[in-house]
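In what follows, a single structure is set out as structure tokens and then discussed.
What follows draws every value from the coordinates through simple rules; no lab data is involved. This structure is a prediction, so every number in the text was calculated from the model and none was measured. Cβ atoms come from the backbone with ideal geometry, glycine included; neighbour counts cover every protein chain shown.
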Amino acid sequence: PPMLGMGTNLAGALRFAKVADVPGMRFVVISDGQPDDASGALAEAAKYKAHISTVYVGPEDDHDQGRVFLQQLAALSGGQSVTADRAQELAAKTATLLLGA
């Protein structure tokens, strides 16, 4: 399990989920945008055929590096990036990404 302050092994998670990268599949990454290896995560995302959308959960500062990283990750794969400012918004935002556009 990840330790507090260590970052998320997002590259590893994307490698693990790659087996499900088939036509019609949608991926949603919900994160604070602070992986332990940002360049590795972007490299893994670039290998996906399906879109990877992101939900940023963190500070509301538009210049937050976590938000910017998740926007880059989504744009790289043609996905969408949204922000869930409060926990109760998380389910609605995720459903929009999975069921919507």
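Of note:
- Protection-proxy order for peptides 41-49, 27-35, each taking the mean of Cβ atoms within 10 Å per residue, highest first: 27-35, 41-49
- Dividing the summed helix terms, -39500 (n - 2.57) for each DSSP H run of n ≥ 4, by the number of residues in the chain produces a 222 nm estimate of -12500 deg cm²/dmol to the nearest 500.
- Highest mean packing first, where packing is the average number of other Cβ atoms within 10 Å per residue, the peptides 73-82, 13-22 line up as 73-82, 13-22.
- Computed about the Cα centre, the dipole magnitude for the chain is approximately 520 debye when only Lys and Arg (+1) and Asp and Glu (-1) carry charge, each at its Cβ.
- A quarter of the convex hull surface defined by the alpha-carbon atoms of the chain gives 6.4 nm² as the mean projection.
- Extension reserve of the Q72-A43 stretch, reckoned as 0.36 nm per residue once the Cα distance is removed: 9.3 nm
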